[in-house]
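Just below is one structure, and these are the notes that go with it.
Read-outs: derived from the displayed coordinates by stated rules, not from any lab. Predicted, not measured: the structure shown is a model, and the values here were computed from it. All Cβ positions, glycine included, derive from the backbone under ideal geometry; neighbour counts span all protein chains shown.
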Amino acid sequence: MVPKSRDGYVWEKSTGVRPGIETDAVISPSRSVVGDSSKVYDAIVIGAGYAGLAAARDLGELGHNVLLLEARDRIGGRTYTAKKDGFIYEMGGTWVTHHMGYLFREMVRYGMDRDLIETGSPEKHNGYYTLDVPGAEKRKLSHEEAGALQAKAWDAFVNVDGRFGRTLCPLPHAMLDNPIVDRATVEQWDQLSCHDRYEQIKHTLTAEEQGLLVSLLLHISGGNMKNSSLWDMIRSHALLMHSTDNFGDVWLRYKLRDGQTELAKRMFNDAVKNGVEYSFSTPVTAVTQAQDKSFSGKSLVTVKATNNAVFRGRKLITTIPLNVLKDIKFSPPLSQRRQEAINIGHVNQMTKIHADVADPELEYWNGCRFPGLLMYAYSDGVLPNGHVHLTAFGADERPHFVPEKMLEKTIEEFNKLHPMDIKRLIFHNWVTDPYSQGGPAWWQPGYMSKYQDELQSRHGNVFFASADWAHGWRAAIDGALEQGVLNARTAHSEIKSATQRKNASKL
Ligand SMILES: Cc1cc2nc3c(=O)[nH]c(=O)nc-3n(C[C@H](O)[C@H](O)[C@H](O)COP(=O)(O)OP(=O)(O)OC[C@H]3O[C@@H](n4cnc5c(N)ncnc54)[C@H](O)[C@@H]3O)c2cc1C
């Protein structure tokens, strides 16, 4: 039987909406620690998403004493796989590619690099696309035609330098400091919003192309046109090797056959095999760095959790998402700049909802309706009972769209995209979730120039690792792994040298 998490929602006509979802990501028993307050860990890692799993696993493997603390009852954070009636649903992070270096390494390590499936059906060309945008007749078109319209519009948008960003963002993993483009130029471009760029190019597009472009930009950023940074789109295009031909193949095509949770589980099991201790359902509230009298004046990091538990470590790696960090009390306080960055946060407040429908003709359908609470939906597989699986996305629609409280509205929105007979909805509301408070991080104009270096920097013995401020694939699984790996490496070398110094002084 698949265990049930507290996370997520399932709606069926017969039961209404119910919180909790079946997923192998649940860890049971939830604790391996006994709560020994006299214990000092080499490192404490907060958060069991991909950043935290990579950091804890690597430090455990290097022989350190590690404690992993997680607020939820499960691993995976913003990436986990629900299971229902023999079908898997990716609730957050979904698509993978061999072009994501940190992720590819994990897929190879755990033997999952060949276990991929394609999104949608290979027979998709038998179906159609529905397009409903302002200034154009609502119509059906082929997937090929819709793809071409969108590609033309995206190309116009990202071609900021006549070379599709090659001269501005040649090395997307080194945006601010690279040997080709000086920082001042990047910072200047970073001030622009998607709205600014759209105003420059919209006259070159038809109404259909305009509608497809704006909805795509909002689908990606999860914000609005004015608060979504243009630079993040330029960076994304650079990560697609500056070519729209790679848009689908690199970004939206391949999924792990056995689901994201299978990869996360293998990492977690590896960590535990290497002695990593853990405590789930343990939300952290405060982090204090001080010389601890009870430990002969050693400089330690003390972590407090809501259940009054206290844990001590020499180093701390926090992977708490950007929009959640404001809820944690740091002592000594964080720098003014980091606190400012945290208070502003990121803008992605997206919606993602799975629907199982009893309409076989939708097996090969995709649709876009803009504006709309759900702007996009695409078909992605058929359940063993014959129902077609659809996934839909919306951008920031706060406060008037809260799917778990507005089921009729949600069903209505799906039906505005295409008439359908919905049998079940499965979703996780990342916006109302206190441990994410948003989707994958999308920054505001100017945010990278001002805050990226600070967000990536350490605060004494506290390291900050999150996909939300990764160097390259920010807002992606690869970025989370990058941050976990890099911060674990620094923490390791410092723990190792401190141990060597201590041993040398004993001789
Ligand atoms: C809907 C959606 C679709 C996405 N699609 C893709 C995709 O297709 N491909 C892709 O590469 N990426 C995708 N992403 C992005 C990707 O999922 C994330 O960037 C990545 O999973 C973030 O990993 P992380 O470890 O940095 O953060 P998280 O996964 O958020 O992990 C942080 C952990 O910290 C925990 N935590 C928070 N507060 C506390 C606290 N106070 N105490 C203890 N623990 C706490 C959280 O519960 C969480 O488990 C998507 C994300 C979403 C939401």
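At-a-glance table
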read-out: Dipole of the chain [Lys/Arg +1, Asp/Glu -1 at C-beta], most positive-end residue of Leu68, Ala184, Thr261; value: Leu68
read-out: Mean shadow area of the range 352-507, taken as a quarter of the surface of its Cα convex hull (nm²); value: 14.0
read-out: Charge dipole of the range 436-507 about the Cα centre (unit charges at C-beta), most positive-ward option of Gly446, Ala504, His459; value: Ala504
read-out: Cα gyration tensor category, rounded, prolate or oblate, for the range 109-164 with a/c compared to 1.5; value: oblate
read-out: Cα shape, the range 205-253, gyration tensor, a/c 1.5 rule; value: oblate
read-out: Computed P(r) (all Cα pairs; the range 35-78; 5 Å bins; percent); value: 5, 25, 29, 19, 17, 4, 0
read-out: Charge dipole magnitude, Cβ of K and R +1, D and E -1 - the chain, Cα centre, debye nearest 20; value: 2120
read-out: Stokes-Einstein D in µm²/s, Kirkwood radius over Cα pairs - the range 127-260 at 25 °C with 0.890 mPa s viscosity; value: 154
read-out: Whole-number D in µm² s⁻¹ for the range 307-412, Kirkwood Cα-pair radius fed into Stokes-Einstein, 37 °C, 0.692 mPa s; value: 186
read-out: Zero-based 10 Å bins, Cα pair distances in the range 234-354, whole percents; value: 10, 24, 31, 24, 10, 2, 0
read-out: Cut-off 14 Å between beta-carbons: net charge of the residues surrounding Arg18, Lys and Arg +1, Asp and Glu -1; value: +2
read-out: Proximal aspartates and glutamates to Lys255, defined as alpha-carbon separation beneath 16 angstrom and excluding residues fewer than eight positions away on the same chain; value: Glu90, Glu106, Asp113, Asp115, Glu118, Asp380, Asp478
read-out: Antiparallel bridge percentage (DSSP; both residues within the chain; nearest 5); value: 70
read-out: In Hz, Karplus ³J(HN,Hα) per residue of the range 284-298 (6.51, -1.76, 1.60; θ = phi - 60°; x = Gly, Pro); value: 7, 10, 8, 10, 10, 10, 7, 7, 9, 4, 5, 10, 6, x, 5
read-out: Unsatisfied cross-links (Cα-Cα over 22 Å) in the set Lys226/Lys416; Lys39/Lys315; Lys84/Lys265; Lys202/Lys226; Lys124/Lys405; value: Lys226/Lys416; Lys124/Lys405
read-out: Inter-part distance where the range 339-371 and the range 147-192 are each reduced to a Cα centre, Å; value: 26
read-out: About the Cα centre, charge dipole magnitude for the range 248-313 (Lys/Arg +1, Asp/Glu -1 at Cβ), debye; value: 60
read-out: Mean Cα-pair separation over length for the chain, i.e. relative contact order, pairs under 8 Å, 6 or more apart, %; value: 24
read-out: Cut-off 11 Å between beta-carbons: net charge of the residues surrounding Lys255, Lys and Arg +1, Asp and Glu -1; value: -3
read-out: Cα centre as origin, Lys/Arg/Asp/Glu Cβ charges: the range 52-144 dipole, Debye; value: 140
read-out: For the range 432-507 and the range 1-66, distance of Cα centres in Å; value: 19
read-out: Rg to Rh quotient for the chain, alpha carbon positions, Kirkwood Rh; value: 0.98
read-out: Sparsely packed trypsin sites (Lys or Arg not before Pro) within the range 151-250, loop by DSSP, other Cβ within 10 Å at most 16; value: Arg163, Arg166, Lys226
read-out: Rh (Kirkwood; distinct C-alpha pairs) - the range 205-300, Å; value: 18.9
read-out: Cα gyration tensor of the range 1-139 - equivalent ellipsoid semi-axes, whole Å, descending; value: 37, 22, 14
read-out: For the range 277-371, with +1 on Lys and Arg beta carbons and -1 on Asp and Glu, the positive-most of Val357, Leu322, Thr288 along the dipole; value: Thr288
read-out: Binned Cα-Cα distance frequencies in the range 261-311 - 5 Å width, integer %; value: 5, 16, 17, 15, 18, 17, 7, 4, 1
read-out: The range 62-174 shape via C-alpha gyration tensor axes, a/c threshold 1.5; value: oblate
read-out: Under 11 Å, Cβ to Cβ, from Asn385 - net charge with Lys/Arg +1 and Asp/Glu -1; value: +1
